[in-house]
Amino acid sequence: MKTRVTVNEVKQKIEKTGGDKVEVLLKANHIFKSFMSNTVLNDISIELHSGECLALIGENGAGKSTLMKILTGIYKMDRGEIEIRGKQVQIQGPIDAQRAGIAIIHQELNLIPNLSVAQNIFLGKESVKRGHVDDRAMAEKTAELLDRMGIALEPKCLIGTLSVAEQQIVEIVKVLSQNADIIIMDEPTAALSVEETGRLFEIMEELRRAGKGIIYISHRLEEIYRVAQRICVLRDGKVVAECLPEDTPTSTVVEYMVGQTIQNYYPKQFHKKGETKFQVSGLSDGRHFFDISFSVREGEVYGIAGLVGAGQAPLARCLYGLKKVQKGTFQIDGQEVRITEPGTSIRQGIGLVTENRKEEGLILPMKIKENIGLSPWAPVCKMWGIISRKKEEKIARDGIDTYRIKAESVFQEVMLLSGGNQQKVVLAKVLSTSPEVVILCEPTRGVDVNGKVDIYHIINQLLERKKAVILISSEIPEIIGMSDRIGIMYKGRMIKEMTNENVKQEDIMFYAAGGYAHG
């Protein structure tokens, strides 16, 4: 299998798919970057052409984010050169990157909660009238950009009141407002619905036809094959392959990424089911979900599917006591219980992995051992609540070994870990309290192929120990691959439940998109 693509092949493909006057927009030549003794980028060279969407893929820790941070001025490279349209440039900071025509949609949101949508989009480039910021003009420009995307958001709405998906849309619009020639998209669809994702892809095609260059980073291979003209694979800080999607099967791309063949993406183990462990009846919060009823048994995964905004995430928060329900009942082991706050749920044996690990699951500047031992119910305390450092370190070391967390030691700061390893730290923290019911909300978001398989094996370990698992995911193949039964939500209601026998993606999408209600 060919692992390099020639410049002529790239130009011919771009011209065939609507590009005109193809030129090299960006060249990164022989880039090196190390953090202490750890070499993250080892002689990386890539180039991006006008009218091209270049997919940059690799496992968490392969070097993708570090390379993008160098291109956008967040990090400084140790050695190497960057050229824009054939001229060497010095990118010492984000302002230099913006002046060079480079913009990025970050995987993690970079918005200010107490500013409006319009104020965030035009932050640093505000419209001014008579010496004052012209909020009205910015709101009008924002409305035009939102209308272009077909998004119904109020420009004056505060960011802090928006959902994660809506904030991601604002991030995308913010970058589009910069009119950059080189646009980096880092997991831009992670929180978007099917419709929003489709509209983003349409806009990407418009940008590409206008001669823009896009670097697209995603762990969702089906998206890569839909939008990319070329795939560049990184592994261990090196470029190991460049290929054309139409010439390269997904199995080969995965093999390039991980350095080995993965036989089973969804290694689901089926165990004998025990008694009903957790049951909810008639659950409503009066706003996001209504009259929800389901149960999950020992040794079972109950998958909850639905489009973004169908009510799954608010439901998970209420199951854990982060939000109160208006009506409905909870039962654990057949006994009715009250779940009013997280402390109650933890005491009742419930654990939650939230959908947003960096805001709600971790304290990034703290060490691995401190994060894993964060729960006051974790077995790290002596008398009177005093933390035992030895117990804390032992639990963290056990977590690193059990969940295959790649880290230098338990003393490493969590912010220095890759996304997949950060997610495993969240899992280790939640599971340190030995919950009987484990709620996993988007557990593999932003996690690479190998990391996902590791998390699926953790789910299997839970089932083997007769735990009850509730899996909430916007990735339908994941729901199908790892669930025993599946509940499908649409507009806040559980409108269908099915067993995992010969279920197809289109079956779930039919109900998740409201097809049952429209004929």
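Among the residues making up the range 413-452, a single one is open to solvent by 10 Å² or more (accessible area, probe 1.4 Å), β-branched (Val, Ile, Thr) and under 24 Å from Pro188 (Cβ atoms): Val449.
The residues of the range 322-367 that are open to solvent by 60 Å² or more (accessible area, probe 1.4 Å), among the aliphatic types (A, V, I, L, M) and under 18 Å from Gln423 (Cβ atoms) amount to a single one, Ile363. If the condition is being assigned to a strand (DSSP E or B) and crowded, with 16+ Cβ neighbours inside 10 Å, then the range 43-56 contributes Ile44, Ile46, Glu47, Leu48, His49, Cys53, Leu54, Ala55, Leu56. As a summary of the residue check, Ala513 satisfies the conditions (1) over 23 Å from Glu355 (Cα atoms); (2) modelled with pLDDT under 90; (3) open to solvent by 40 Å² or more (accessible area, probe 1.4 Å); (4) touching a strand residue (DSSP E or B) at 6+ places or on another chain (Cβ under 9 Å) except for the one numbered (1).
The listed residues are Lys76, Lys69, and the only one of them that is farther than 18 Å from Ile215 by Cβ and either of a type outside the set (Gly, Ala, Ser) or touching a strand residue (DSSP E or B) at 6+ places or on another chain (Cβ under 9 Å) (or both) turns out to be Lys76.
Among the criteria (1) touching a strand residue (DSSP E or B) at 6+ places or on another chain (Cβ under 8 Å); (2) without any contact (Cβ under 8 Å) to a residue 40 or more places away in the chain; (3) open to solvent by 30 Å² or more (accessible area, probe 1.4 Å), the one Glu140 does not fulfil is (1).
When Lys277 is tested against (1) assigned to a strand (DSSP E or B); (2) closer than 27 Å to Met509 by Cα, exactly one condition is not met: (2). Filtering the range 128-183 to residues that are in contact with a Phe, Trp or Tyr (Cβ under 8 Å, 6 or more places away or on another chain) and among the aliphatic types (A, V, I, L, M) leaves only Met138. Looking at Gln178, Gln229, just one residue is within 17 Å of Gln98 (Cβ to Cβ) and out of contact with any Gly (no Cβ under 7 Å at 6 or more places or on another chain), and that residue is Gln178. Exactly one residue out of Gly361, Gly349, Gly274 is farther than 24 Å from Glu108 by Cα and under 28 Å from the mean Cα position of the chain (by Cα): that is Gly349.
Restricting the range 143-155 to residues that are in contact (Cβ under 8 Å) with a residue 24 or more places away in the chain and surrounded by 15 or more Cβ atoms within 10 Å (Cβ to Cβ) leaves a set whose member that is nearest to Val117 (Cα to Cα) is Pro155. Suppose the filter is part of a strand (DSSP E or B) and either surrounded by fewer than 17 Cβ atoms within 10 Å (Cβ to Cβ) or at pLDDT 90 or above (or both); does Glu501 pass it? When the stated conditions are applied, Glu501 does not pass them.
Of the residues making up the range 355-412, those that are among the polar types (S, T, N, Q) and at pLDDT 85 or above number 4.
Checking each residue in the range 112-131 for being modelled with pLDDT of 90 or more and either under 16 Å from Gln178 (Cβ atoms) or crowded, with 17+ Cβ neighbours inside 10 Å (or both) picks out Ser116, Val117, Ala118, Gln119, Asn120, Ile121, Phe122.
Selection within the range 295-305: residues that are open to solvent by less than 10 Å² (accessible area, probe 1.4 Å) and in contact with a strand residue (DSSP E or B) (Cβ under 7 Å, 6 or more places away or on another chain). The member of this set that is nearest to Ser345 (Cα to Cα) is Val296. In this structure, Glu464 does not satisfy being buried (at least 17 other Cβ atoms within 10 Å of the Cβ) and under 30 Å from Glu59 (Cα atoms).
In the set (1) under 30 Å from Gln312 (Cβ atoms); (2) open to solvent by less than 50 Å² (accessible area, probe 1.4 Å), the condition left unmet by Glu202 is number (2).
Find the residue count for the range 467-497, including only residues that are out of contact with any helix residue (DSSP H, G or I) (no Cβ under 7 Å at 6 or more places or on another chain), open to solvent by 10 Å² or more (accessible area, probe 1.4 Å) and either more than 24 Å from Ile350 (Cα to Cα) or polar (S, T, N, Q) (or both). Matching residues across the range 467-497 total 2.
Within the range 75-90, the set of residues being among the hydrophobic types (A, V, I, L, M, F, W, C), open to solvent by less than 50 Å² (accessible area, probe 1.4 Å) and under 15 Å from Ile46 (Cβ atoms) comprises Ile82, Ile84. Please work out if Ala180 is farther than 30 Å from Tyr265 by Cβ and either basic (Lys, Arg) or open to solvent by 30 Å² or more (accessible area, probe 1.4 Å) (or both). Taking the combined requirement at face value, the residue does not satisfy it. Residues that are open to solvent by 20 Å² or more (accessible area, probe 1.4 Å) and of a type in the set (Val, Ile, Thr) were ranked within the range 259-292; the one that is nearest to Gly321 (Cα to Cα) is Thr276.
The values are calculated or read from the model by the stated rules, or taken from the named source; none is laboratory data. As the structure is a computational prediction, the values presented were derived from the model and not from experiment. Every residue, glycine among them, receives a Cβ derived from its backbone with ideal geometry; neighbour counts consider all protein chains shown. The area values use the complete protein model at the heavy-atom level, side chains included, leaving out ligands, DNA and RNA. Shrake-Rupley method; radii C 1.70, N 1.55, O 1.52, S 1.80 Å.
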